[in-house]
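Down below is the structure, laid out as structure tokens.
The values are calculated or read from the model by the stated rules, or taken from the named source; none is laboratory data. This is a predicted model, so every value here is computed, not measured. Backbone-built Cβ (ideal geometry, glycine too); neighbour counts: all protein chains shown. Surface areas here come from the heavy atoms of the whole protein model, side chains and all, with no ligands, DNA or RNA. Shrake-Rupley method; radii C 1.70, N 1.55, O 1.52, S 1.80 Å.
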Amino acid sequence: MTKVLVATVKPFAEAAVSQIKTIFEKSGYDCRFFEKYETQDDLKKAVVDAEALIIRSDKITAEIMDAAPKLKIVVRAGAGFDNVDLAAATARNIVVMNTPGQNSNAVAELVLGMMVFQARNHFDGKPGTELKGKKLGIHAYGHVGQNVARIAKGFGMEVFAFDPFVDKKVIEADDVSVFDNVE
Amino acid sequence: MYRICDYVSLHIPANKHTIKSINFALLSKMKEGGTLINTARKEVIDEDGLLKMFNNRNDFRYIADIAPDNREIIENEFSSRCFFTPKKMGAQTAEANINAGIAASKQIIAFLEKDDKTFQVN
Ligand SMILES: NC(=O)c1ccc[n+]([C@@H]2O[C@H](COP(=O)([O-])OP(=O)(O)OC[C@H]3O[C@@H](n4cnc5c(N)ncnc54)[C@H](O)[C@@H]3O)[C@@H](O)[C@H]2O)c1
């Protein structure tokens, strides 16, 4: 049975833990959770027989990799991955992945929430302005930018975007106008 | 885009092309009453230029999930025109946490069983 270790100093929410367990159980994997550990030495002992590792902000150094001779893959649940020594992983033939886009709706909702808060004068009781009919420029149309566009349209905003690396047609398909010049 | 929009929301990564690229020269093009929103990265802002913008344009507003290093000066002098979350919280939802855990599990299975390396970063 393939051994998967979920090593998290800051554990996943309970709902996530039970869904992760179910996914691996159904596929016939042996999945263990190693949570709230205190030292890198503790982590070293826990990874000994792991073939796959799921982490959050946990630090995966060359030393940890050397303690896990069977390790084939490390997945950082989240976007940033500067907590994993990529060069050390490559040298040991370990694949490192992140999970891009999974938090983009969360960020986009905060964007619109902060916009309403500002437009209504920090909820101080004084009259403010509405977002409907206003123009919103999205500077970079990636995972978060696309979600911001979708929600802003619900507010009735006119949405524009600048992203030289995304095909114009893709942006226009969302009914968003494209700028070729950021200014 | 900065000239005509009432709101500009930043979603660029921080790299050598974008670090400090949101500077006074660009911000000063903003429409009157414009609001800049930053949930991307602190490093993309030229913080001296940001402060200059607050000083020169009393219609400019800045709201961010990643407070600038000169946060105190800006909050003290321009409190009604700025807002900074107490700590970075854009991704801090139960759903984002669950989604990431599920995605990680599926990616491991896809890699081990189908050699799917779609999300490889090294
Ligand atoms: N506040 C938070 O908690 C939080 C959470 C997640 C992501 N983020 C940040 O939000 C930003 C966007 O994240 P994402 O998941 O949408 O990333 P993404 O990789 O999906 O999208 C980034 C986009 O930026 C574009 N881009 C790159 N360089 C550019 C440039 N010079 N000019 C214009 N566009 C450019 C790319 O083409 C891409 O479409 C990142 O900076 C990320 O660090 C913050």
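In whole Å, what is the distance between the alpha-carbon centres of the range B:14-63 and the range A:67-97? Between the Cα centre of the range B:14-63 and that of the range A:67-97, the gap is 35 Å.
For the range A:2-56, the set of GluC sites (Glu not before Pro) satisfying both a DSSP loop assignment and a count of at most 12 other C-beta atoms within 10 Å is given as A:38.
Counting only protein heavy atoms and a 1.4 Å probe, chain B has 48 square angstrom of accessible area per residue.
Accessible surface computed residue by residue for the range A:59-183, with neighbouring protein chains in place and a 1.4 Å probe, gives 49 Å² per residue. When shorter helices are ignored and each DSSP H run of at least 4 residues is given -39500 (n - 2.57), the per-residue value for chain A at 222 nm works out to -10000 deg cm²/dmol.
Association of chains B and A removes close to 4900 square angstrom of accessible area from solvent, both sides included, for a probe radius of 1.4 Å.
For the protein assembly as shown, the alpha carbon convex hull comes to 152 Å³ per residue, rounded to a whole number.
Under 10 Å, Cα contacts only: if you run a Gaussian network model on chain A, which one of A:126, A:45, A:72 comes out with the highest mean-square fluctuation? Among A:126, A:45, A:72, the largest GNM mean-square fluctuation belongs to A:126.
Between the beta carbons of residue B:59 and residue A:82, assuming R0 = 30 Å, the FRET efficiency works out to 0.20 to the nearest 0.05. Which percent of the accessible area of chain A is formed by carbon and sulfur heavy atoms (probe 1.4 angstrom)? Whole-percent figure for carbon plus sulfur exposure: 51.
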